[in-house]
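Below is one structure, written out as structure tokens; comments come after it.
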Amino acid sequence: MTPIDEFHEVLRDPAAYGRKLREEGRRKIVGYFCSYTPEEMIYAAGAHPMRLFGTGENIHLADAHLQSYCCSLVRGALEGALAGHLEFLDGAVFPHTCDSIQRLSDVWRMNVKGPFHLDIVMPVKLDAESAKEYMADVLKRFRKDLEDKLDAKLSDEALKDAIVRFNKIRGCLGRLYEMKNKNPGIISGSDLYAIVKASMMMDRGRVLDLLPKVIADLGKKKATAETAGRRLVLAGGICNHPDIYRIIEETGGTVVWDDLCTGSRYFEGLTEEGKDPVTALAERYISRPPCPAKHAGLFSRADHLVRIAKEKRAEGVVFFFLKFCDPHAFDYPYMKEALDGEGIPSVMVEAEDQLPSEGQLQTRFETFVQML
Ligand code: SF4
Ligand code: SF4
């Protein structure tokens, strides 16, 4: 099995991977939602942070608790928990970001028996003067909550070590993105997607074994940039659809960067090492590219997207949203307007658990790519 195959293998059945980790029994397993969860703290407390993305199965148990107009990530995650597929978890962490995750937290607390439940209520307005101090206080409280729930001591030294480890992982993922951006044909979009997403779930020691190997293997490949297709940026929330990369590539495009929670929003912005670790984590959350559930200035997200598109020499942007994801849908008009203002073409696609029919998507992307 190649290193890239190993990442794909985890994504094929994350619950089976979680059960395997549990059987090995090295660390308690803490599931979490959203890239605003301080994984470093969970790791430093001796547990394994495992991001949860929902199940691709039909949803029926969750429908008794959540409206059908909640996004499929939230409904799918609850379905998996109620169906007993997440029994390997020792706990679950819910950052209060979008309304759907906040409501999921309440429903989970009342209905999912077994694993402990923790909320982390971070500030929404990140450009306020008090935001950094507020964020640091929230993180200190979370640290204490984790110590209680895991019955563990979370020392500054362990937290500093965890910060170094997660910085290395994020640095490697950024390096892979840069390699693809420079030479888009070097790795397929779905391979890169699998690497980033599985890195949020896998044993982090193993991730750090594999990423340098992938980087070294890609470094030996010949430049194929000329044949890779039209350069596109993929923007949105969570992408649960590796097929979208294949369809884009088959229709003459290639994703050279993204603004996704399952992509660059996970790894961009390293935590400063060598200073008070809680302050350093707070600063990263304040300064990293924001998602639409946070506020960091009226135009910060659009400015960021335009900057990415220009820096990465993208010819167009594909907005890819989960249906019923209000935060992203609300930001879309002004972000599109900002791209229009810079003459950067864009197209928008919405999906639930299943992608729209392949033929339909192919036609839309073909038309878009031809227009570029
Ligand atoms: S879009 Fe924001 S709230 Fe939703 S998962 Fe990503 S970081 Fe979290
Ligand atoms: S940000 Fe959107 S996709 Fe993510 S959990 Fe919230 S509603 Fe769902």
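Laboratory data are not the source of any read-out in this text; all were calculated from the coordinates shown. This is a predicted model, so every value here is computed, not measured. Note: ideal-geometry Cβ built from the backbone for every residue, glycine included; neighbour counts use all protein chains shown.
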Q: Multiply the residue separation of Lys213 and Glu350 by 0.36 nm, subtract the distance between their alpha-carbon atoms, and state the gained length in nm to one decimal.
A: 45.8 nm
Q. Which FRET efficiency value, to the nearest 0.05, is calculated for Asn58 and Asp119 with the Förster distance at 30 angstrom and r the Cβ-Cβ distance?
A. 0.55
(Q) Taking a virtual spin label 7 Å from the Cα of Glu9 along the C-beta vector, which residues in region 162-196 bring their backbone nitrogen under 18 Å of it? (A) 191-192, 194-196
**Q.** In degrees, nearest ten, helix 277-287 long axis to first principal axis of the chain (Cα)
**A.** 30 degrees
Q: Report relative contact order for region 39-110 in percent, whole number only (criteria: Cα-Cα under 8 Å, sequence separation at least 6).
A: 26 percent
Q: For Lys28, list long-range residues whose amide hydrogen, built 1.01 Å from N in the peptide plane, is under 5 Å from its own amide hydrogen.
A: His48
Q.
Can you classify region 3-152 as rounded, prolate or oblate using the Cα gyration tensor, where a ≥ b ≥ c are the square roots of its eigenvalues, rounded means a/c under 1.5, and otherwise it's prolate if a/b beats b/c and oblate if not?
A. oblate
Q) On a 0 to 90 degree scale, rounded to 10, what angle separates helix 3-12 from the longest Cα axis of the chain? A) 70 degrees
Q. Glu178 label point, 7 Å along Cα→Cβ, cut-off 19 Å on backbone N: hits in region 271-294?
A. 271-273, 288-289
Q | Inter-probe distance in nm under a simple model that places probes 7 Å from Cα toward Cβ, at Asp99 and Gln362 | A | 3.9 nm
**Q.** Segment Asp303-Arg26, extension gain: residue separation times 0.36 nm, minus the distance between their alpha carbons
**A.** 95.4 nm
Q) Once a ≥ b ≥ c are taken as the square roots of the eigenvalues of the Cα gyration tensor of region 158-371, is the result rounded (a/c under 1.5), prolate (a/b larger than b/c) or oblate (a/b not larger than b/c)? A) oblate
Q. Applying the Karplus parametrisation 6.51 cos²θ - 1.76 cosθ + 1.60 with θ = phi - 60° to the phi angles of region 230-238, what ³J(HN,Hα) value in whole Hz is obtained for each residue in order, glycine and proline being reported as x?
A. 5, 7, 10, 10, 9, 10, x, x, 8
Q | Cleavage-rule hits, trypsin sites (Lys or Arg not before Pro), region 179-226, DSSP coil, Cβ neighbours within 10 Å at most 10 | A | Lys220, Lys222
Q. If r is the Cβ-Cβ distance from Asp137 to Lys220 and R0 is 51 Å, what FRET efficiency results, to the nearest 0.05?
A. 0.60
Q | Label-point separation, Lys153 to Arg246 (7 Å along Cα→Cβ), nm | A | 5.1 nm
